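Heads up: the structure comes next, in structure tokens.
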Amino acid sequence: MTREEIESRGDETMMDAAQIKNQKPEEFFNVNYLRIYYGNLFPYSDIHKWLSYGHDGKHPGCDEYYFGRREFSFTLENDVYLRYKSFKNASSMEDAIKSNFPYKIDIGAVYSVDPDKRHAYSQTGTNVFTPVERELVFDIDITDYDDVRYCCSGADVCSKCWPLITVAIKVIHTSLTEDFGFKHILWVFSGRRGVHCWVCDPKARRMTNEQRSAVAEYFRVYKGNENNARKVALMGYSLHPFLARSYVDYLKGFFEGELQATQSIFSTKDKYEKILAMISDEDIQSELRGKWENSARSSLSEEAISLVRWEQLKNTLQSKKHKAPTLRMCVEEIVFTFTYPRIDLEVSKQMNHLLKAPFCVHPKTGRVCVPIDPNNCDEFDPLAVPTLSQLIEEINSGGSRMDVDDDEDSDTSLLAKSIKFFRSSFLEPLLKSCKEEIESSYKTKIGKSKDSFSW
């Protein structure tokens, strides 16, 4: 929506904002808020351009029905769930969202036929309704780190434990680009306690379920469950090159630095017993336990105690690793247990799995699901992401601006910087690549057509 359109609807917007001012603080997320957000700020055109992948009807090689075969799902107030929604164009998508004010919008696969008309096709007796394309996606949630973080638990997150997610982004993004050669990757804050990754390269979108499973398994390190003390078992005499790079470039430094400083993972008996249980040799366990129990009254800070005990553990294992092959990788296994990305692998394996759309608003926090720059993810603060109430207050004060251009002042509104990043760093390079592919495919098709008549 343009600035002029917003201003022309000023009375209506201000009236809605005035109505919600009288609501109780706990009612920060509701249909009234969403009506204003979807009416003024949601980037419909950008989402449509992204999910059209260059099929905008402007080139003879375009598939004009491509976007219309994409599945959307809406979760409405009172958990009303609408699946297999599809839209012909950006305008029809915008109309549907403004009519329903969904609490959550999920994006699914591109199907062989229009999802909204799937029942009509099923009556033909042929199973033609099937997913044919979908981004390769990853889901990482901070709750899966509850056994290695001591500042928060469950859905809570803070500046001390969020760096676990930051490291996960670095490890996975580096592998996706360097090991798999992907270029068009979108990282998005989930709005509360994690991140979503969308790999949008053509070869990623066209992967079969078997290929997706293979990629997901490439990232698997955790072999145990919550009842296993030893959750990581690194086999062989050396690490796989991907794991070795991750360990050297990201995990080891983070474990020995920031994680020790914020979580003090050796500072108390309850904490260090978890780590001792990862050592298979009981004699070494007893030796280290004896040292640490005798130093329980140390005047050192918790961080200093943790660092001292970590050095003692490393030195002890180094001196006795000849005793058993299982001790050879024990230090690395401990580091990986605490710091390696904990991906929900099942989300990545199936084409028809739904994932929350960027720029949705999380109903539990009111925070917008904004993109994250993987090259500057250390700077991302989940607690500083704009909330729905802040955005509406900005609209009410006349400070909102949806037209993001090249002017320096365009970054001043709360959401403008995120939208500008989405467009310039992700969408524009993606669409350029997509249009080049469409042009190349079209020329190849025309060439083959000419060859068939050259006899």
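Collect the residues in region 240-255 that are in contact with a helix residue (DSSP H, G or I) (Cβ under 7 Å, 6 or more places away or on another chain) and surrounded by fewer than 17 Cβ atoms within 10 Å (Cβ to Cβ), keeping them in residue-number order. I'd like the intermediate steps shown before the answer.
As a first pass, look at region 240-255 and keep what is in contact with a helix residue (DSSP H, G or I) (Cβ under 7 Å, 6 or more places away or on another chain): 242, 246-247, 250-252, 254-255.
Residues satisfying the conditions are Phe242, Lys252.
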Inset, instruction - Kindly provide the set of residues from region 300-353 that are within 22 Å of Thr166 (Cα to Cα), assigned to a helix (DSSP H, G or I) and among the basic types (Lys, Arg), ordered by number. - result: none
Inset, instruction - Select from region 93-105 the residues that are touching a Ser or Thr at 6+ places or on another chain (Cβ under 9 Å) and open to solvent by 10 Å² or more (accessible area, probe 1.4 Å) and list them in ascending order. - result: Glu94, Tyr103, Lys104
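Is it the case that region 59-69 has a residue that's part of a helix (DSSP H, G or I) and open to solvent by less than 20 Å² (accessible area, probe 1.4 Å)? Before you say what the answer is, go through the steps one by one.
From region 59-69, those part of a helix (DSSP H, G or I) are 67-69; that's our starting set.
Restricting the remaining residues to those that are open to solvent by less than 20 Å² (accessible area, probe 1.4 Å) gives 67-68.
Yes, that holds for at least one residue.
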Inset, instruction - Within region 68-89, work out how many residues are of a type in the set (Phe, Trp, Tyr) and farther than 12 Å from Pro115 by Cα. - result: 2
Legend entry - Single residue of Ser280, Ser264 found to be open to solvent by less than 30 Å² (accessible area, probe 1.4 Å) and of a type outside the set (Asp, Glu): Ser264
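Which residues, counting only those in region 75-89, are closer than 17 Å to Tyr37 by Cα and surrounded by fewer than 19 Cβ atoms within 10 Å (Cβ to Cβ)? Show your work before the answer.
Going residue by residue through region 75-89, those that are closer than 17 Å to Tyr37 by Cα are 75-77.
Leu76, Glu77 - these are the residues of region 75-89 that are closer than 17 Å to Tyr37 by Cα and surrounded by fewer than 19 Cβ atoms within 10 Å (Cβ to Cβ).
What number of residues within region 267-295 satisfy the criterion of being assigned to a helix (DSSP H, G or I) and closer than 17 Å to Val148 by Cβ?
Here the count works out to 8.
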Legend entry - Residue count for region 138-183, restricted to those that are within 16 Å of the chain's Cα centre (by Cα) and of a type in the set (Asp, Glu): 3
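Counting just the residues of region 283-306 that are among the aliphatic types (A, V, I, L, M) and open to solvent by 60 Å² or more (accessible area, probe 1.4 Å), which one comes out modelled with the highest pLDDT?
First, pick out the residues of region 283-306 that are among the aliphatic types (A, V, I, L, M): 284, 288, 296, 300, 304-305.
When the remaining residues are screened for being open to solvent by 60 Å² or more (accessible area, probe 1.4 Å), the result is 296, 300.
Details: Ala296: 67, Leu300: 86.
Among those that are among the aliphatic types (A, V, I, L, M) and open to solvent by 60 Å² or more (accessible area, probe 1.4 Å), it is Leu300.
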Legend entry - strands (runs of 3 or more DSSP E) wholly inside region 124-219 that include at least 3 residues being crowded, with 19+ Cβ neighbours inside 10 Å, of a type outside the set (S, T, N, Q) and at pLDDT 95 or above: 136-141, 185-189, 194-199
Legend entry - Near pairs, Cβ below 6 angstrom, 6+ apart or cross-chain, from region 43-67 (more than 21 Å from Ser112 (Cβ to Cβ)) to any residue that is open to solvent by less than 50 Å² (accessible area, probe 1.4 Å) and assigned to a loop (DSSP other than H, G, I, E, B): Pro43/Phe359
Legend entry - Checklist (1) in contact with a strand residue (DSSP E or B) (Cβ under 9 Å, 6 or more places away or on another chain); (2) surrounded by fewer than 20 Cβ atoms within 10 Å (Cβ to Cβ); (3) within 30 Å of Leu82 (Cα to Cα) applied to Lys364, failing item: (1)
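The values are calculated or read from the model by the stated rules, or taken from the named source; none is laboratory data. The structure displayed is predicted, hence computed values, not measured ones. Ideal geometry is used to build each Cβ from the backbone, glycine not excepted, and the neighbour counts take in all protein chains shown. Ligands, DNA and RNA are stripped out before the accessible areas are found, and what is left, the full protein with its side chains, is counted by its heavy atoms. Shrake-Rupley method; radii C 1.70, N 1.55, O 1.52, S 1.80 Å.
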